Amino acid sequence: MTGGTGGTGGTGGTVLAHGIGGQADLPISLELAVSGAVAALVVSFTVLVVAWRQPRYDGKPVTGRAVWSWLDRLVSSSAFRVGARVLGLVLAAYTVAVAVAGQDALTNPFFGIFFVWWWVGLVFASALLGPVWRAISPVRTLNAGIARLAGSDPDAGLLPWPERLGYWPAAVGLYAFVWFELAYEYPTELGSVRFWCAVYVGAMLVGGAVFGNRFYEHGDPFEVFSSLIAKLSPWARDEEGRLVLRSPLANLSTTAPQPGLVAVVGVLFGSTAFDSFRESTFWVRFYQDASIGKVYLDNVALLVFVVLAGGLFALGSALTPSAEGLARRELPRLYAHSIIPIILGYFVAHYLTLFVDVGTQTLARASDPFGKGWDILGTAAVEPSYWFSYHPQVLATIKVLAVVVGHVVAAVAAHDRALTLLPKRDQVTGQLSLLVVMVAFTAGGLMLLFSA
């Protein structure tokens, strides 16, 4: 799986590497690719400074182009919301069934559902459709059912949500997932994955009972992740509640600067970078020659990458001047929304082939959930095409473009926010520390992606 196979494990003998295109498959040299990406970022910043002198998104009302009336009525209807909840429950029930009664082997579709569909597929779906997990979340549905049986309000809970906690619970939950995926010793043992899921469901139901649905908005790692990525989707609700098409940059600017937001983006960006690093020749040779076990080294390295990613961004943000009355410690979370495009770009670059190939493989195995020779979905004969295996230059180019576009969009979002936060006299030089961090992320990210 993503981290579960260490990049070289397999299900049924199939290699599950995250990406097939590497440095040798680039149509240009890695050095030239990195130089071009950095140049694109610097040129973008220069153009922004010259041509973008007033904030275009910050503090602006939610407006957009109205969609077809039938589409607005459809997605706003109770039937649509109920249908989404039922779909979530059906998918959850199927997942529980294969987790409990499925074979204790990597051919069990449960592994693909957990590591690929849930983790990677949810990101792609949210970028295209909006906050998918909020709409189908089975833990939200179960909490609502339990609350109604108890005669209580699922929105209220027993206690109000402590605002000072912000997204910190989600950051902890996300780190628990990436740790299990990338640094735990037995991530592809059926019992281990079942236990992780049981703990997740238990924590979500307890949190929802105590704090109501506000808990899911801040404490469910998958809902927070999905909702943040959904800020890059073209869908939004205007101030009158109508569905509109809107610039993803405008949506991105509405990200709430809650406490813990920097930790969330640090976990997501740092863990993806570590996932590339741990497949590099340097790291493989290092742990092979080390006297310390690989699991211990992976745990330390994962934590270092996450802290480094969040710390560098926080430092670059805090070094920017701030308007009078705004403490520097508040700046990192006010700029943190700009890292979301980078995270999406790295997910595309790092997990595209995993999602296409292993996701297809999982669909085929889902037709025979218990290894009985069934074909209940009619997909048992579906096989991955491994198209990128035969077109590695295309994949390598997609990787570079995803990273570069993610950083350029991030630079635009950071610049627009800076125009509202920086004093007038510092609106050019004040952004240099953030630019340095973006350049470091761009160069380092590309080198990691193509070092495997």
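The values are calculated or read from the model by the stated rules, or taken from the named source; none is laboratory data. Fair warning: this is a prediction, and the values are worked out from it, not measured in the lab. All Cβ positions, glycine included, derive from the backbone under ideal geometry; neighbour counts span all protein chains shown. The accessibility values were calculated without ligands, DNA or RNA, using every heavy atom of the protein model including side chains. Shrake-Rupley method; radii C 1.70, N 1.55, O 1.52, S 1.80 Å.
The requirement of being of a type in the set (A, V, I, L, M, F, W, C) and in contact with a Lys or Arg (Cβ under 8 Å, 6 or more places away or on another chain) is not satisfied by residue 448.
Filter segment 420-447 for residues that are of a type in the set (S, T, N, Q), over 24 Å from residue 29 (Cα atoms) and assigned to a helix (DSSP H, G or I); which is most open to solvent (accessible area, probe 1.4 Å)? For segment 420-447, the residue satisfying everything is 429.
For segment 130-217, which helices (runs of 4 or more DSSP H) that fit wholly inside it have 2 or more residues that are out of contact with any helix residue (DSSP H, G or I) (no Cβ under 6 Å at 6 or more places or on another chain) and in contact (Cβ under 8 Å) with a residue 12 or more places away in the chain? Write out each step before concluding.
Numbers: elements: 132-136, 138-150, 168-182, 190-211.
The helices (runs of 4 or more DSSP H) meeting that bar are 138-150, 168-182, 190-211.
Selection of segment 223-282 for residues being farther than 23 Å from residue 167 by Cα and of a type in the set (A, V, I, L, M) yields 243, 244, 245. Tell me, please, whether a residue that is of a type in the set (A, V, I, L, M, F, W, C), more than 17 Å from residue 409 (Cβ to Cβ) and at pLDDT below 95 can be found in segment 247-254. No, segment 247-254 contains no residue that is of a type in the set (A, V, I, L, M, F, W, C), more than 17 Å from residue 409 (Cβ to Cβ) and at pLDDT below 95.
Condition first: under 27 Å from residue 350 (Cα atoms) and at pLDDT 95 or above. Can you find one or more residues in segment 139-158 that meet it? Spell out the reasoning first.
Filtering segment 139-158 for residues under 27 Å from residue 350 (Cα atoms) gives none.
The answer is no; no qualifying residue exists.
The residue list 316, 311, 270 contains one member that is free of Cβ contacts under 8 Å to residues at least 60 places away in the same chain, more than 22 Å from residue 181 (Cα to Cα) and part of a helix (DSSP H, G or I), which is 311. Within segment 248-265, residues that are under 17 Å from residue 64 (Cβ atoms) sit with their Cβ atoms under 9 Å from residues that are β-branched (Val, Ile, Thr) and open to solvent by less than 30 Å² (accessible area, probe 1.4 Å), at 6+ positions apart or across chains, in these pairs: 249/412; 252/340; 255/340.
When residue 57 is tested against (1) open to solvent by 80 Å² or more (accessible area, probe 1.4 Å); (2) in a loop (DSSP other than H, G, I, E, B); (3) among the aromatic types (Phe, Trp, Tyr), only condition (1) is not met. When residues in segment 261-315 are screened for being within 15 Å of residue 350 (Cβ to Cβ), among the β-branched types (Val, Ile, Thr) and surrounded by fewer than 22 Cβ atoms within 10 Å (Cβ to Cβ), 0 of them pass.
Residues that are in contact with a strand residue (DSSP E or B) (Cβ under 6 Å, 6 or more places away or on another chain) and part of a loop (DSSP other than H, G, I, E, B) were ranked within segment 220-248; the one that is surrounded by the fewest Cβ atoms within 10 Å (Cβ to Cβ) is 238. A Cβ distance below 6 Å, combined with a sequence gap of six or more or placement on separate chains, defines the contacts here; from segment 59-86, residues that are under 13 Å from residue 237 (Cβ atoms) reach residues that are at pLDDT 90 or above and basic (Lys, Arg) in the pairs 64/246.
In the set 416, 375, only one residue is free of Cβ contacts under 8 Å to residues at least 24 places away in the same chain and either within 30 Å of residue 448 (Cβ to Cβ) or of a type outside the set (S, T, N, Q) (or both); that residue is 375.
Does segment 249-259 hold any residues that are crowded, with 22+ Cβ neighbours inside 10 Å and out of contact with any Lys or Arg (no Cβ under 8 Å at 6 or more places or on another chain), and which are they? Residues satisfying the conditions do not exist here.
Only one residue in 362, 379 is polar (S, T, N, Q) and either open to solvent by less than 10 Å² (accessible area, probe 1.4 Å) or not in a loop (DSSP other than H, G, I, E, B) (or both). Which one? Spell out how you get there, then give the answer.
On the way: 379 fails: either open to solvent by less than 10 Å² (accessible area, probe 1.4 Å) or not in a loop (DSSP other than H, G, I, E, B) (or both).
Residue meeting the stated conditions: 362.
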